[in-house]
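Note sheet for the following structure.
The values are calculated or read from the model by the stated rules, or taken from the named source; none is laboratory data. All values reported here derive from a predicted model rather than from experimental measurement. Don't worry about glycine lacking a Cβ; one is built from the backbone with ideal geometry, like all the others, and counts go over all protein chains shown. Quick note on the areas: whole protein, heavy atoms, side chains included, nothing else; ligands and nucleic acids left out. Shrake-Rupley method; radii C 1.70, N 1.55, O 1.52, S 1.80 Å.
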Amino acid sequence: MNLPAAWVPLAGADIYLIDQILRGRIGSGMSALDVGCGGGRNLPALLAAGCAITAIDADAQAVAAARTLFGGRLDDRILVCDLERMPFAPGGFDVVIVNAVLHFAPDAAAFARWAEACWLQLAPGGLFLARLSTRIGLPDVRPAGFRHLASEAELMACERRWMASRADPLKTTLVETTRTMTTWALTRA
């Protein structure tokens, strides 16, 4: 792929994250937490935007792959960690990204705990950006491998409990007839 040099950090990043960066909601001087970072596909975009990054994933192999992206320079900022046991002080991040994680919660109670654990990391005025498969648009479809698919009512219940404001309306993409992916962008008062 022949991309202009300035675009290289964006290659492979989630398009909805890029959207938030381009709209100025994520940028220079912000601290960003990538929960469930996997192999680190969003980390170069966050760094290019000027963020100080911290990333976690429960999978040690995924963390090793993410660390490899940076040649060991960020090993202390990319951690093997369960999202319900994050070792950070609450409210320590300007941006919390939870991309393709929450739909792996085993049930509604775990979904609520996982979402809450991520939300608690967000500083006042910060941006919470989650991408997750939901029941919105395809209420009866259960994609293989996904566990709990939240409903719009569950998302709204979290918003009320957190006293969150939507940074954007819910955006749900239909992936043929197999699943939906919802972008959930919130700000903290």
Could you count how many residues in segment 108-140 are in contact (Cβ under 8 Å) with a residue 40 or more places away in the chain, part of a helix (DSSP H, G or I) and open to solvent by 10 Å² or more (accessible area, probe 1.4 Å)? 3
Tell me, yes or no, whether segment 156-177 has at least one residue that is in contact with a Leu (Cβ under 7 Å, 6 or more places away or on another chain), modelled with pLDDT of 95 or more, polar (S, T, N, Q) and open to solvent by 60 Å² or more (accessible area, probe 1.4 Å). yes
Looking only at segment 21-35, decide whether some residue is farther than 30 Å from residue 145 by Cα, without any contact (Cβ under 8 Å) to a residue 40 or more places away in the chain and of a type in the set (S, T, N, Q). yes
Within segment 39-57, track down each residue that is open to solvent by 20 Å² or more (accessible area, probe 1.4 Å), touching a strand residue (DSSP E or B) at 6+ places or on another chain (Cβ under 7 Å) and not in a strand (DSSP E or B). 47
Looking only at segment 141-155, and only at residues there that are within 18 Å of residue 113 (Cβ to Cβ) and part of a helix (DSSP H, G or I), the one that is most open to solvent (accessible area, probe 1.4 Å): 153
Residue 67 being assigned to a helix (DSSP H, G or I), of a type in the set (D, E, K, R), modelled with pLDDT of 95 or more and farther than 23 Å from residue 26 by Cα: no
Filter result (over 17 Å from the mean Cα position of the chain (by Cα) and surrounded by fewer than 17 Cβ atoms within 10 Å (Cβ to Cβ)) within segment 70-92: 70, 71, 72, 73, 75, 76, 87, 89
